[in-house]
1. Sort 67-75, 82-90, 30-38 by the packing proxy (mean of other Cβ within 10 Å over each peptide's residues), most packed first.
2. If I model a spin label at Met28 and Glu93 as a point 7 Å from the Cα along the Cα→Cβ vector, what separation in nanometres do I get?
3. Which order results if Thr2, Thr104, Thr57 are arranged by neighbouring Cβ count within 10 Å, fewest first?
Amino acid sequence: MTPDIPLASFGGLENSGESGYDNALPWMQIEPAGFEPVGNVRDLLPALIARHNQRVTIDRDYQALLEDIADDEITRKRLGISLNEAGRRKEREEKAMRLRGRMTNAVAGGGAVDKVSERRRDVLLDEAAQIMSDLMRLDVRRMNSLSAH
């Protein structure tokens with residue numbers, strides 16, 4: 001399944017599920033389940049994608065998630081681990097500084113560090129809810145304009 005509006009995610013599909021194993025079973029296709037399509041939102045996709053892109057470019061938490069994903073990808077592509085203790089400590093301290101910077105920004109936004117970690121956002125869930133909210137608003141407008149004619 002390919003999403004119409006992809007969200008940020010860790011790891012590629014090639015390593016997820018059974019296909020990531022060396023002894024994976026061969027791929028096969030199954031018959032699709034019967035379903036009755038309800039509504040068509042294809043004409044709303046450009047507006048939904050534009051709103052999504054506009055939101056995520058200014059959302060600091062989403063941008064931080066993208067940075068984490070990029071860092072994770074770099075780490076995963078690395079073929080070895082440095083045995084240089086000073087280098088590894090420096091790397092760990094850089095990550096800790098980035099995290100402290102994020103926590104400082106979150107605290108500046110209101111709340112103590114303990115409270116911030118308790119109410120940490122699920123960035124992807126929030127964005128999915130925003131996309132659904134946009135879809136409902138746009139669909140209502142479309143229905144209202146169709147019934148007016």
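No lab work stands behind these numbers, since they all come straight from the coordinates. The structure displayed is predicted, hence computed values, not measured ones. Please note: Cβ atoms are built from the backbone with ideal geometry, for glycine as well, and neighbour counts cover all protein chains shown.
1. Values: 67-75: 12.2, 82-90: 9.9, 30-38: 5.1.
Averaged packing, sorted descending, gives the order 67-75, 82-90, 30-38.
2. It works out to 5.7 nm between the two label points.
3. On the way: Thr2 5, Thr104 12, Thr57 9.
Least crowded to most crowded, the residues run Thr2, Thr57, Thr104.
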